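Have a look at the structure below before the remarks.
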Amino acid sequence: MIIGKKEFRIGKRPYIMGILNVTPDSFSDGGQFYREGDISDVDKALAAVRDMINNGADIIDVGGESTRPGHTQISVAEEIERTCFIIEAIKEHFNVPVSLDTYKAKVAQAGILAGADMINDIWGLKYDEEMALVIAKSGVACCLMHNRDNTNYYDLMEDIKDDLNDSLNIALAAGIPKDKIILDPGIGFGKTYEQNVKVMHRLEELKELGYPVLLGTSRKSMIGNMLDLPVEEREEGTLATSVYGYMKGCSFFRVHNVKGNYRALKMVHGIISDFQTK
């Protein structure tokens, strides 16, 4: 598949999506690159992007609104103000695909005009009915995440696949090409701790849908609950989930620590590839 000007050969190797949150309140890196009215934070964000690219990032995912549990929704105007100038700056200085993490069509439209190559929608096109058309008309790629406003499942994996199929039907009906779609099981969204663990255990079942899968577990509460650790001490747990996810068939990995995940995934990819060639 093509994202921006970059070709992604699904199944040939794992790909890293580096997280750049320009928010004051994200659960892991809130406030690190965002301070209202302080232009120096643009330079700080660009330095972080440079480090991520040098350490193996294939895509940069820019987010302007925290979506952690209990987050406060911000206005479209504020989200656009937070993200678009950063997207423009990244595209001006680096030749890297940029993803915009938003579920609002007007924010997506503004981000695409600013240079975003992909929309990462945590509601899988179900929050804003205009989102699918915005993506289809622009020709950018999209990641459709599984999410719901409850944790009442009859059959967890079958229900998740059904929900993702609903998102796919919206995408295809709007005219989004199949080769522009990535799916995300939504670890940490609309699921209990036990359900998150079960989804991890059965990730390979998502391949039945026929689309590349992105895994986003970085520093999330599932890891904190399992290891009884705070956010700042969840790196080893994140690496373990990334490696496990790759072995279960995931292709993209959305992470905070690009260097560690890149090295861990490169190692397991090397082992698997060497084994498969013998």
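Summary table
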quantity: Antiparallel bridge percentage (DSSP; both residues within the chain; nearest 5); calculated: 5
quantity: Carbon and sulfur %, accessible surface of the chain computed with the full protein complex present, 1.4 Å; calculated: 50
quantity: Peptide ranges 252-265, 162-175 listed from the most packed, as the mean C-beta count within 10 angstrom indicates; calculated: 252-265, 162-175
quantity: When each of Lys6/Lys126; Lys126/Lys178; Lys12/Lys248; Lys220/Lys266; Lys191/Lys266 is checked by Cα-Cα distance, pairs over 20 Å; calculated: Lys6/Lys126; Lys220/Lys266; Lys191/Lys266
quantity: Sorted peptide list for 148-159, 116-127, 93-104, 207-218, criterion being average Cβ within 10 angstrom, highest first; calculated: 116-127, 93-104, 207-218, 148-159
quantity: Cα gyration tensor shape of the chain, rounded if a/c is under 1.5, else prolate or oblate by comparing a/b with b/c; calculated: rounded
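The values are calculated or read from the model by the stated rules, or taken from the named source; none is laboratory data. Values in this document were obtained by computation on a predicted structure and should not be read as measured data. We place every Cβ from the backbone using ideal geometry, glycine too, and count neighbours over all the protein chains shown. Protein only, heavy atoms only, side chains kept; ligands, DNA and RNA dropped before computing areas. Shrake-Rupley method; radii C 1.70, N 1.55, O 1.52, S 1.80 Å.
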